[in-house]
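Colleague: Quick one: the structure is below, questions incoming.
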Amino acid sequence: MTKHIFVTGGVCSSLGKGLNCAAIGLLLESRGLKVRLQKLDPYVNVDPGTMNPYEHGEVYVTEDGAETDLDLGHYTRFTNAVVDRDCNITTGGIYRNVLAKERRGDFLGKTVQMIPHVTDEIIAAIHKLDAPDVDVAITEIGGTVGDIEALVFLEAIRQFGQEYRRENVLFIHLTLVPYLRAARELKTKPTQHSVATLREIGIFPDILICRTEKPIGEDHIKKIALFCNVDPECVIEELDAKPNIYRIPVMLHNQGLDTLICRRLGLDTPEADLSEWHRMLSRLENPEANVEVAVVGKYISRQSAYESIYEALQHGGLANRTSVQVRRTEAEEIEADGVEKALAGVDGILVPGGFGTRGVEGKIAAARYARRNGIPYFGICLGMQAAVIEFGRNACGLKNANSTELERGTPHPVISLLEEQRDVDDKGGTMRLGAQPCALAEGSKARLAYGQEVVQERHRHRYEFNNAYREKLADCGMLCTGVHAERNLVEVVEIAEHPWFMGVQFHPEFKSKPTAPHPLFAAFIEAARRRRGNGTEG
Ligand code: GLN
């Protein structure tokens, strides 16, 4: 029987619920348990795929092609759990199911209500993680306790706890203990209020994880325990872990969180074995070299817009014992101030995915700068398309080459829509999505990096390399080195006469883990390190 942990958040958002769930998942796995993780998001969009990264941050894509919350990226990076479309449920998705049932007449003439029909749908979504081989399912409730939006989800997990026997369900509440500089004091009141709100709706948290910038101290711990009705050992202090999020599991473990959880859930396991994680941390914290890599995007000011990219770059560094400094570069700044000013001195340039015209000429300029100066270039999705456009325009004489997404009437549509996408009107869930096979050419840098002939990588785009230009570009030196063989789609391009220049139509960043860095990120950082070692300046 699968046991369940529910994680709620209080006081304010951005406390790192997703990271904490991922860390708990890792700790349980380190004790030999099998886990799954899930996020319930209380907004009305069916999924975050239609949201702007300013609104929502990165959209994380699963193997089975779901567009999901970026916390699923944390789950993937910390654990070995299967992460798929069952792992992210929104209010919109729940309503869609309920309304479809209502239209089908499944409710047999009943009035359809929030309780029980909507709550039952939520409970069913949570039970989807149950399986004979899954020991623990961890469900994160998005938003902050007290929000109107999250109420129905909280009611559903309350019912869930009621229905299941007590030792099968655990409620963990993540909260903030702020430090008031003027008073030189930590304050426990916001936590007390947040827990009081939870208890009012019938949820009695078993464990509190308290985010804090200063050690909480025994007196405050006792006070929180007393007012929040938990044992002092169930008040876990979580000091800010910036800049290394991979330290969080160790911090929680050192306070006995995994032992506590296992005891409460009646799980008899060996002690946690974190040796692999510690080995990774020691590599991460003791680099032998460092490189600076520019990430050229259009949502640079939003920390989480390129979350998986930033993490995968660190993993690439890990693979090379190299610390990676990221120069976050607004593509529009390149357009305004020139590429030299923005990118001079970097050891590598990465252009990530994106949509629409804003900043795209800056990205194209970045690709050109990398190509001409022999700087390692890694183009991902739109970043690959930008490199193809640039190469078409400046190396093949295809004047005004472009993608039809960016300029409908371009004379040279080197990137264009597939036939199957031409009549698609709905924006949600209709791109080319999820894992697809890619065959790599013998002797290519991609094949060398992967050490494999066929790989599976995840997609999220509508536009594609236009095969009508394949030969022309190859003649000029840009080779297609990875294809979706069955559908004859170009997935990887490389410039052979360049130290390391690669564009991939897929998103490798979603599969990278600190304990298993993605081969392309590892190869990219290796190339950046080589460039830095050569002392060449761009
Ligand atoms: N906008 C491009 C497309 O739809 C690239 C998408 C992306 O970078 N994820 O093809």
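Colleague: Find the residue count for the range 106-136, including only residues that are small (G, A, S), under 27 Å from G266 (Cβ atoms) and either assigned to a loop (DSSP other than H, G, I, E, B) or at pLDDT below 95 (or both).
Modeller: 1
Colleague: With the condition being crowded, with 16+ Cβ neighbours inside 10 Å and not β-branched (V, I, T), I'd like the helices (runs of 4 or more DSSP H) fully within the range 285-359 carrying at least 3 qualifying residues.
Modeller: It comes to 307-319, 331-337.
Colleague: In the range 16-50, what residues are assigned to a loop (DSSP other than H, G, I, E, B) and more than 19 Å from P514 (Cβ to Cβ)?
Modeller: R31, G32, L33, K34, P42, Y43, V44, N45, V46, D47
Colleague: Those residues that are closer than 19 Å to L27 by Cβ and touching a Ser or Thr at 6+ places or on another chain (Cβ under 9 Å), I need them from the range 58-77; list them, please.
Modeller: L72, G73, T76, R77, listed by residue number.
Colleague: Search the range 379-400 for residues that are more than 11 Å from I415 (Cβ to Cβ) and free of Cβ contacts under 8 Å to residues at least 60 places away in the same chain and pair each with any residue that is of a type in the set (A, V, I, L, M) and buried (at least 24 other Cβ atoms within 10 Å of the Cβ) when their beta-carbon atoms are under 7 Å apart and the residues are at least 6 apart or on different chains.
Modeller: E390/I364; E390/A367; R393/A401
Colleague: Which one is nearest to the ligand (Cβ to nearest atom), of the residues in the range 354-401 that are small (G, A, S) and touching a Gly at 6+ places or on another chain (Cβ under 7 Å)?
Modeller: G354
Colleague: May I pose another question? Yes or no: the range 265-274 includes at least one residue that is in contact (Cβ under 8 Å) with a residue 40 or more places away in the chain and at positive phi.
Modeller: yes
Colleague: A follow-up question, please. If you go through the range 432-444 one residue at a time, do you hit one that is surrounded by 20 or more Cβ atoms within 10 Å (Cβ to Cβ), under 30 Å from G374 (Cβ atoms) and of a type outside the set (A, V, I, L, M, F, W, C)?
Modeller: Checking the range 432-444: not a single residue is surrounded by 20 or more Cβ atoms within 10 Å (Cβ to Cβ), under 30 Å from G374 (Cβ atoms) and of a type outside the set (A, V, I, L, M, F, W, C).
Colleague: I would also like to ask the following. Between a first residue in the range 316-337 that is within 22 Å of R531 (Cα to Cα) and a second residue that is part of a helix (DSSP H, G or I) and among the polar types (S, T, N, Q), which pairs have beta carbons less than 7 Å apart while being 6 or more apart in sequence or on different chains?
Modeller: V324/Q314
Colleague: So, V504, is that one out of contact with any Pro (no Cβ under 9 Å at 6 or more places or on another chain), touching a residue at least 60 places away in the same chain (Cβ under 8 Å) and crowded, with 21+ Cβ neighbours inside 10 Å or not?
Modeller: yes
Colleague: In the range 176-201, what residues are more than 13 Å from A225 (Cα to Cα) and hydroxyl-bearing (S, T, Y)?
Modeller: Matches in the range 176-201: Y179, S194, T197.
Yes or no, residue by residue, for (1) closer than 29 Å to G356 by Cβ; (2) acidic (D, E); (3) within 15 Å of the ligand (Cβ to nearest atom):
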residue: D475; (1), (2), (3): no, yes, no
residue: H484; (1), (2), (3): yes, no, yes
residue: V490; (1), (2), (3): yes, no, yes
residue: Q505; (1), (2), (3): yes, no, yes
residue: E509; (1), (2), (3): yes, yes, yes
residue: A516; (1), (2), (3): no, no, no
residue: F521; (1), (2), (3): yes, no, no
residue: R532; (1), (2), (3): no, no, no
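Colleague: Can you tell me how many residues in the range 56-88 are out of contact with any Pro (no Cβ under 8 Å at 6 or more places or on another chain) and either without any contact (Cβ under 8 Å) to a residue 24 or more places away in the chain or of a type in the set (K, R) (or both)?
Modeller: Final tally of qualifying residues: 2.
Colleague: Additional query: Identify all residues within the range 469-528 that are assigned to a helix (DSSP H, G or I) and aliphatic (A, V, I, L, M); write none if there are none.
Modeller: Listed by number, the residues that qualify are L473, A474, L520, A522, A523, I525, A527, A528.
Colleague: A further question on this structure: Would you be able to tell me the number of residues in the range 126-136 that are buried (at least 20 other Cβ atoms within 10 Å of the Cβ) and either touching a helix residue (DSSP H, G or I) at 6+ places or on another chain (Cβ under 7 Å) or closer than 16 Å to P205 by Cβ (or both)?
Modeller: Selection size over the range 126-136: 3.
Quick grid of which residues meet (1) closer than 24 Å to F501 by Cβ; (2) assigned to a loop (DSSP other than H, G, I, E, B):
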position	(1), (2)
G397	yes, yes
N402	yes, no
G409	no, yes
D423	no, yes
C438	yes, no
E442	yes, yes
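Colleague: Look through the range 404-439, keep the residues that are more than 12 Å from the ligand (Cβ to nearest atom) and hydrophobic (A, V, I, L, M, F, W, C), and return whichever of them is nearest to the chain's Cα centre (by Cα).
Modeller: Looking at the filtered set, the residue picked out is A435.
The values are calculated or read from the model by the stated rules, or taken from the named source; none is laboratory data. The structure presented is a predicted model; accordingly, all values stated were derived computationally and were not measured. Every residue, glycine as well, gets a Cβ built from its backbone with ideal geometry; the counts of neighbours run over all protein chains shown.
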